[in-house]
Structures are given as C-alpha cells and as structure tokens.
Amino acid sequence: QVQLVESGGGLVQAGGSLRLSCAASGRTFSSYSMAWVRRAPGKEREFVAGIRRSSSTTYYTYYADSVKGRFTISEDNAKNTVYLQMNSLKLEDTADYYCAARVGVANWFNLDGYNYWGQGTQVTVSS
C-alpha cells in the first residue's frame, strides 16, 4: 500500500511563501495522479492542485482557481516526492494541507476518487 507523508507546513506572514513536500513510499508515482487538497477551519475539503506524468519528460498540472498564479505543483519522480510551492500567501490559505493519490487519470475535483491520503500538514497565514 502507498504511504504519503507531508511536511513543510508552518506559520508564515501574508504575502510570504512556503513549500510543502509529499514523500511517497511503497510504489512509484509514474502511473499515479497526485494532488494537494486542503481543509480550512470550518470548511469542506478543497482541491488545490494536481499533477500527472503525461510522458517521460512532461507533466500535466491543474489548479483550483483560488490558487492559480500563486501556487505551483511539481514532482521529483526519482525521489518519489511531490511539492507545492505556495507564493503570495493569503489569510484564506490557512488550512491543513493533504497529499492525495489515485491511479490513472483523475477527475481532480472528485475527492472521493483519491485512494491514498497523507496525514496532513498545517499551514497558518498570519497578518
């Protein structure tokens, strides 16, 4: 079974940056769709960003409208690690951030379709 472990969360001021990591073990990422999903206090889970390898050298990425232009998802396949670079952070970005995975092509926003989940890492944006 795939295990996902997030790290990199913390406290950051609005306008600042943070980089989250998701380390996978048990299987390779080569055939998986990977995503970052967040849950803000008092709110439902929200898809943030997704990535899937489309060829040996290219990746397909997709972002929620709320983070487009600010967040970047990337993958280091050799390290079995997915990253989320978060720039220009806003107060509303405060949430627990989870790494999720599923085999094959994903409907990014169908959160029930993800088969594997990490334990989450907390991101707090302050003023």
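The values are calculated or read from the model by the stated rules, or taken from the named source; none is laboratory data. Treat the numbers as computed from the prediction; the structure is a model and nothing was measured. Positions of Cβ are generated from backbone atoms using ideal geometry, with glycine treated the same way; all protein chains shown enter the neighbour counts. Ligands, DNA and RNA are stripped out before the accessible areas are found, and what is left, the full protein with its side chains, is counted by its heavy atoms. Shrake-Rupley method; radii C 1.70, N 1.55, O 1.52, S 1.80 Å.
Numbers for the structure displayed
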{"quantity": "Segment Val103-Ser31, extension gain: residue separation times 0.36 nm, minus the distance between their alpha carbons", "calculated": "25.3 nm"}
{"quantity": "Rounded to the nearest 20 debye, dipole of segment 5-127 from Cβ charges on Lys, Arg, Asp, Glu", "calculated": "180"}
{"quantity": "Heavy-atom SASA rank of Arg52, Arg19 (probe 1.4 Å, accessible area, largest first)", "calculated": "Arg19, Arg52"}
{"quantity": "Listed residue (Ala78, Trp36, Ser17) projecting farthest to the positive dipole end of the chain, Cβ model", "calculated": "Ala78"}
{"quantity": "5 Å-binned pair-distance histogram of segment 8-93 (Cα, whole percent)", "calculated": "3, 13, 25, 24, 18, 11, 6, 1, 0"}
{"quantity": "Segment 13-57 shape via C-alpha gyration tensor axes, a/c threshold 1.5", "calculated": "prolate"}
{"quantity": "Amide N proximity, segment 71-89 versus Ser55 label position 7 Å along Cα-to-Cβ, cut-off under 14 Å", "calculated": "none"}
{"quantity": "Heavy atoms of Thr58: accessible area, 1.4 Å probe, square angstrom to 10", "calculated": "60"}
{"quantity": "Residue-span extension gain [Gln122 to Val5] - 0.36 nm each, minus C-alpha spacing", "calculated": "40.9 nm"}
